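**Student:** The following block contains the structure, expressed as structure tokens.
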Amino acid sequence: MDEYVIQPLKRLFRERAFLVCLLFLAVSAAGVQVGAKRLGLHFVKLPLALQNPFDKLDEAKLAPYQVIRKLRIENEDIIAELGTEDYLQWFLEDPSVAKTDPARIMMLFITYYTGDPGQVPHVPEVCYTGAGSQITDRENQKIQILDNEGEPVTIPVLVLSESRRIQGLDRSSKILYFFGANGGYVSSRNGLRLRLNNWYDKYAYFSKVEVSFPNGDGMNTEAAVKAVEKLMRKLVPILTAEHWPIWPPVEEVESGE
């Protein structure tokens, strides 16, 4: 052990060039940290807890939507794959539309992650293909809502066309999702990484909001986007006011960061 490890290390530390390089790297690292602090840069992000857990979401505020079923994931392996225990999975019914309307029943799935901007987001493309479905198309769309101050907000959404074979019959439907992240909205993994890795932000969080249609066989993109926009006009203001972290965080506003 001494011959193969200790002695080579001793010889290495006797080399002046090595010691100079080591000292230079240490000074450089310290300088980067000092410079970053002076400039208000944050390479390591801190977590932000939800204001309130998703299971405390006030169902009455979603009217006319009615919650007809709440799901909890009991399989620990699935929770580990999901990467969070902060989630909501509800089936909603919109009684204001016809019973034959494929948008009448929706499955709402919300997840929340914080503190790790490098975390790979769990997205439905992976989940559905793993369950045997095929994603046949992807479309970038936008929905319009009003925030809690009545100001218009544009949210980009990704629309997935999903197909599967059930009891010998081909079925197809739509899945739509976006991410709420550090006070804004994106609809792609790359966009999410860019938003979370803003060096001027001390904290990092993101939340995926996903909507699918259990009875959406043959549903077109226009109808799916319209249905999700209607739901998000109710849901997003609730999430921003009562569940997602306040952005920017109060301490950053007070300190002027």
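Every read-out reported here was derived from the displayed coordinates using simple, explicitly stated rules and does not represent laboratory data. Just so it is clear, the structure is predicted and the values come from calculations on it, not from any experiment. All Cβ positions, even for glycine, are placed from backbone atoms using ideal geometry, and neighbour counts span all protein chains on display.
**Student:** Which order do the peptides 213-225, 138-150 come out in when sorted by mean C-beta neighbours inside 10 angstrom, highest first?
**Tutor:** On the way: 213-225: 16.4, 138-150: 12.8.
Averaged packing, sorted descending, gives the order 213-225, 138-150.
**Student:** I've got another one for you. Taking R0 as 45 Å, what FRET efficiency do you get between residue 164 and residue 199 from their Cβ-Cβ distance, rounded to the nearest 0.05? Please list the in-between numbers first.
**Tutor:** Details: r = 43 Å, r/R0 = 0.95.
Approximately 0.60, to the nearest 0.05.
**Student:** Among the listed pairs 45/70; 208/234; 45/174; 142/234; 99/226; 202/226, which are separated by more than 28 Å between their Cα atoms? Display every interim value, and only then the final one.
**Tutor:** Values: 45/70 33 Å; 208/234 16 Å; 45/174 34 Å; 142/234 16 Å; 99/226 17 Å; 202/226 36 Å.
Where the Cα-Cα span goes over 28 Å, the pairs concerned are 45/70; 45/174; 202/226.
**Student:** Still on this structure: For a paramagnetic label modelled at 7 Å from the Cα of residue 171 toward its Cβ, which residues of the stretch 64-105 fall within the zone defined by backbone nitrogen distances under 17 Å?
**Tutor:** The answer is 91-92, 100-105.
**Student:** Can you tell me the dipole magnitude for the stretch 49-145 around its Cα centre, using point charges on the Cβ only (Lys, Arg +1; Asp, Glu -1), in Debye to the nearest 20?
**Tutor:** Working: 9 positive and 16 negative charges, 88 e Å.
Around 420 debye, computed over the stretch 49-145.
**Student:** If you don't mind, another one. Can you run phi through the Karplus equation (6.51, -1.76, 1.60; θ = phi - 60°) for the stretch 189-202 and list ³J(HN,Hα) in whole Hz, with x for Gly and Pro?
**Tutor:** Whole-Hz 3J(HN,Hα) from phi for the stretch 189-202: 4, 5, x, 5, 4, 4, 5, 6, 9, 5, 5, 7, 8, 7.
**Student:** How far is it, in nm, from the label point at residue 101 to the one at residue 217 when both lie 7 Å from their Cα along the line to the Cβ?
**Tutor:** Taking the two extended label points, one gets 2.1 nm.
**Student:** How do 230-237, 116-123 rank on mean C-beta neighbours within 10 Å, highest first? Please list the in-between numbers first.
**Tutor:** Working: 230-237: 18.9, 116-123: 16.0.
Answer by packing, highest mean first, reads 230-237, 116-123.
**Student:** What nm value, rounded to one decimal, do you get for the distance between residue 146 and residue 120 when each label is placed 7 Å out toward the C-beta?
**Tutor:** So the two model labels end up 4.2 nm from each other.
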